Amino acid sequence: MRSEQNKYTLREIMRWMLRAWKGNYLQASINAAIGVLDVVVSLTQVWAVKNAIDIASGRHEGSIYWAVGIMGLLILATFALGISGTWVQNILGIRAQNRMQQQMLDRILRSEWQGKEKMHSGDMINRLESDVSNVVNFLTTTIPSLLSTLCLFVGAFAYLFSMDRRLAIIIVILIPLFLILSRVYIKRMRQLNRKVREGDSRVQSILQETLQNRMLIKTLEGDDEMVGRLEDTQSELRHRVVKRTAFSVFSRLIVNTGFAFTYLLAFLWAALRLSADTLTFGGMTAFLQLVNRIQSPARQMTKLIPAAVSVFTAAERLMELEENPLEEQGEPIWLEGSCGIRFSNVSYAYPDDKENVIDNLNFDFKPGTCTAVLGETGAGKTTLIRIIMALLHPNSGGVTIYNKEKEKTISPRLRCNLVYVPQGNTLMSGTIRDNLRLGKLDATDEEMKEALRKSCADFVFELPDGLDSLCSEKGAGLSEGQAQRIAIARALLRNRSVMIFDEATSALDMDTERQLLNNILESSDKTVIFITHRMAVADYCNAVLKIERNK
């Protein structure tokens with residue numbers, strides 16, 4: 001059962017959801033137990049109401065006070081079960097949702113980097129929030145409630161069957177008809193729901209990207225354009241929601257009409273038996289309550305179908321996040337002492353490109369040396385870094401990292417020997433201390449201060465809160481040069497044998513850049529690679545690699 005709109009079969013989705021269920025058994029079991037107890041209380045209430053009415057009408061002997069007291073106790077039990085269910089759903093539910101988000105984020109971070117991402121980050125966040133919540137609620141709440149729904153159906157049917165066999169059978173016979181119609185409903189609703197979720201992700205993507213680039217949009221006077229783009233996307237989403245809602249309302253109308261007809265039939269049957277004196281008034285009340293309790297599970301099933309359709313869509317979207325294969329996993333492989341990086345006949349082309357970005361490259365970044373990598377934009381300097389960092393794998397040739405004792409093919413497990421400072425502002429929201437700790441989690445204040453001094457970021461000591469000064473998203477509140485120097489300090493704290501700087505001094509003035517380069521290169525035990533356009537940086541290096549763009 002696969003279509004162009006649905007990438008995965010129902011069987012594949014069910015297998016994935018079964019794996020996702022692991023770790024959530026406790027909450028599901030508690031919810032199921034509460035549901036079953038609620039069914040027992042509900043059916044006991046039917047008997048209690050019938051008993052109280054028959055005692056009050058003189059058909060049975062007994063104390064009306066005791067009968068009403070039993071009803072009161074059952075009502076209190078219903079309240080207690082409802083409160084318990086709410087606590088379990090909210091307390092354990094948020095834990096389950098957090099756990100699944102952590103697992104999905106961990107899976108994304110450990111997957112291979114594709115170079116050209118297929119999904120917008122706003123779309124991925126939408127999936128990690130809305131779709132994870134949908135799946136967790138279905139697994140921990142909806143499925144356990146299905147058990148109580150089935151128990152209620154069986155119990156109510158057995159009770160009604162003991163009172164009137166023919167009516168019980170007639171009511172149950174109508175239910176398979178609804179199940180047959182549900183197959184048509186599921187197929188169509190699954191397609192409509194997928195389109196709505198895709199539209200919702202596009203809206204979030206536009207919102208996120210607009211807020212991230214607010215300054216650029218203001219300077220380009222693109223306010224109206226971005227708001228208009230959002231309106232167009234929202235309009236398309238509204239149109240899809242209208243189509244889904246219209247189909248859902250029509251389907252619900254058909255189903256509810258059938259339930260209403262069945263209830264009227266049961267009421268007429270009970271009224272005829274009451275007038276013929278073959279049924280007491282209390283019996284008629286119980287009769288109608290039981291019919292309602294048989295229909296209630298069927299109604300729940302009709303609600304379960306849209307929930308299942310929604311969760312199938314959510315599961316598909318989360319499964320797509322796991323399509324990228326995992327990087328090589330395992331313990332980090334450390335190489336002692338100074339290390340070098342050797343390229344041997346390396347060529348690489350991105351999947352959608354015909355020409356090689358890097359073509360038959362041979363070069364040795366020798367241990368303890370400083371190399372400037374020069375080249376025009378698009379020549380492949382960034383691709384070179386990604387290959388060294390084991391983010392990309394060469395199409396041909398090999399890249400190795402080596403020291404005096406051993407040589408190993410570069411892989412994610414060897415990334416622990418490298419430190420990388422990307423170009424641009426790479427600070428995260430939080431304090432300066434938080435940003436520095438990403439380089440070394442257990443760094444002391446003295447180590448942080450030394451790294452800041454070495455990276456010419458002494459200005460931090462003059463800030464009112466020092467290391468605890470807050471940075472907004474992308475280091476807002478700091479100049480580009482200040483943010484670069486803090487990022488370099490973070491790399492120095494990491495303190496690995498191979499250091500890669502990608503245009504890391506582009507925002508610095510010449511004097512600060514000169515001092516920073518002297519500080520970095522004062523120790524000769526590091527292998528330093530500068531990706532740069534500035535020839536002045538090359539003057540500090542003892543090797544130069546020029547990369548030319550393929551024509």
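The values are calculated or read from the model by the stated rules, or taken from the named source; none is laboratory data. From a predicted model like this one, the values you see are computed outputs, not experimental measurements. Using ideal geometry, Cβ is built from the backbone for each residue, glycine included, and neighbour counts are taken over all protein chains shown. SASA here: full protein model, heavy atoms, side chains in, ligands and nucleic acids out. Shrake-Rupley method; radii C 1.70, N 1.55, O 1.52, S 1.80 Å.
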statement: For Cys339, the accessible surface traced by a 1.4 Å probe with all protein chains present amounts, in square angstrom to the nearest 10, to 0
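Considering every pair of different Cα atoms, what Kirkwood radius, in Å, is found for the stretch 1-132?
Details: mean 1/r = 0.0514 Å⁻¹.
Hydrodynamic radius (Kirkwood, Cα pairs) of the stretch 1-132 is 19.5 Å.
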statement: Among Val419, Ala451, Leu438, the residue whose Cα sits farthest towards the positive end of the charge dipole of the stretch 404-459, when +1 is placed on the Cβ of each Lys and Arg and -1 on the Cβ of each Asp and Glu, is Val419
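Just to confirm a number: summing +1 for Lys and Arg and -1 for Asp and Glu over residues other than Thr313 whose beta-carbon lies under 12 angstrom from that of Thr313, what do you get? It would help to have the intermediate numbers written out before the result.
Values: positive: Lys7, Arg127, Arg190, Arg194, Lys195, Arg197, Arg244, Arg317; negative: Asp131, Glu198, Asp200, Glu316, Glu320.
Summing Lys/Arg as +1 and Asp/Glu as -1 gives +3.
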field: Helical contribution to [θ] at 222 nm, DSSP H n ≥ 4, -39,500 (n - 2.57), averaged over the chain, rounded to 500
entry: -19500 deg cm²/dmol
task: Could you name the lysines whose alpha carbon sits less than 25 Å from that of Lys7, not counting residues in the same chain fewer than 8 places away?
output: Lys22, Lys116, Lys118, Lys187, Lys195, Lys243, Lys303
field: the stretch 494-551 - Rg and Dmax from Cα coordinates, angstrom
entry: 12.2, 39
- prompt: Taking θ as phi - 60°, what are the ³J(HN,Hα) couplings along the stretch 14-29 by the Karplus curve (6.51, -1.76, 1.60), each to the nearest whole Hz, with x for Gly and Pro?
  reply: 5, 5, 5, 5, 5, 5, 5, 6, 4, x, 10, 5, 4, 4, 4, 5
When each of Lys381/Lys408; Lys381/Lys546; Lys366/Lys454; Lys404/Lys440 is checked by Cα-Cα distance, pairs over 19 Å: Lys381/Lys408; Lys366/Lys454; Lys404/Lys440
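Taking a probe of 1.4 Å, how large is the accessible area per residue of the chain, in Å²?
Result: 53 Å² of accessible area for each residue.
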- prompt: So what does log10 I(q)/I(0) come out to for the stretch 357-404 at q = 0.14, 0.19, 0.31 Å⁻¹, using the Debye formula with one equal point on every Cα and no solvent?
  reply: -0.38, -0.70, -1.47
query: Among 69-75, 351-357, how do they line up from the highest to the lowest mean number of other beta-carbon atoms within 10 Å?
result: 69-75, 351-357
statement: Descending accessible area (1.4 Å probe), largest on the left, turns Lys243, Lys404, Lys474 into Lys404, Lys474, Lys243
- request: Note down the nm distance, to one decimal, between modelled labels 7 Å out along Cα→Cβ at Asn542 and at His393.
  value: 3.5
query: Using a 4.7 Å Cβ cut-off, which Cys residues in the chain lack a partner cysteine?
result: Cys151, Cys339, Cys416, Cys456, Cys471
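Students sometimes get this wrong: rank His239, His120, His60 by accessible area, probe 1.4 Å, all chains present, largest first.
Working: His239 115, His120 65, His60 85 Å².
Largest accessible area first, the list is His239, His60, His120.
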Where only alpha carbons of the stretch 414-551 are counted, the Rg and the Dmax (Å): 14.9, 53
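Please give the contour-minus-distance gain from Lys7 to Leu441: 0.36 nm per residue of separation, less the Cα-Cα distance, rounded to one decimal in nm.
Roughly 152.1 nm would be gained on extension.
Based on the mean of other Cβ atoms within 10 Å per residue, sort peptides 124-136, 316-328, 10-22 so the most packed one is first.
On the way: 124-136: 20.6, 316-328: 16.1, 10-22: 14.2.
Top of the packing list down: 124-136, 316-328, 10-22.
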- request: With label points built 7 Å along Cα→Cβ from the Cα atoms of Glu473 and Asp525, find their separation and express it in nm.
  value: 4.2
field: All lysines inside 24 Å of Lys218 as judged from Cα atoms, apart from same-chain residues fewer than 8 positions distant
entry: Lys474
- prompt: Under a 1.4 angstrom probe, counting protein chains only, how are Ser201, Ser396 ranked by accessible area, largest first?
  reply: Ser396, Ser201
task: Subtracting the Cα-Cα distance from 0.36 nm times the residue separation, let me have the gained length for Leu105 to Lys118 in nm, one decimal.
output: 3.0 nm
query: At a Förster radius of 22 Å, what calculated FRET efficiency corresponds to the Cβ-Cβ distance of Lys408 and Tyr350, to the nearest 0.05?
result: 0.30
statement: Total charge of the residues flanking Glu327 in space, meaning their Cβ is under 15 Å from its Cβ, with Lys and Arg +1 and Asp and Glu -1, is -1
task: Please get the size of the charge dipole for the chain, origin at its Cα centre, with Cβ charges of +1 on Lys and Arg and -1 on Asp and Glu, quoted in debye to the nearest 20.
output: 2600
- request: Could you list the square roots of 5 times each eigenvalue of the Cα gyration tensor of the stretch 311-413, that is, the equivalent ellipsoid semi-axes, sorted largest first and rounded to whole Å?
  value: 30, 21, 11
message: Could you compute Rg(Cα) / (2.2 N^0.38 Å) for the chain, with N its residue count?
response: 1.39
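Rounded to the nearest 0.05, what FRET efficiency is calculated for Glu61 and Asp277 with R0 set to 22 Å and r the Cβ-Cβ distance?
With a Förster radius of 22 Å, E is 0.65.
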Distance in nm between pseudo-label sites at Arg433 and Ser84 (7 Å out along the Cβ direction from Cα): 4.6
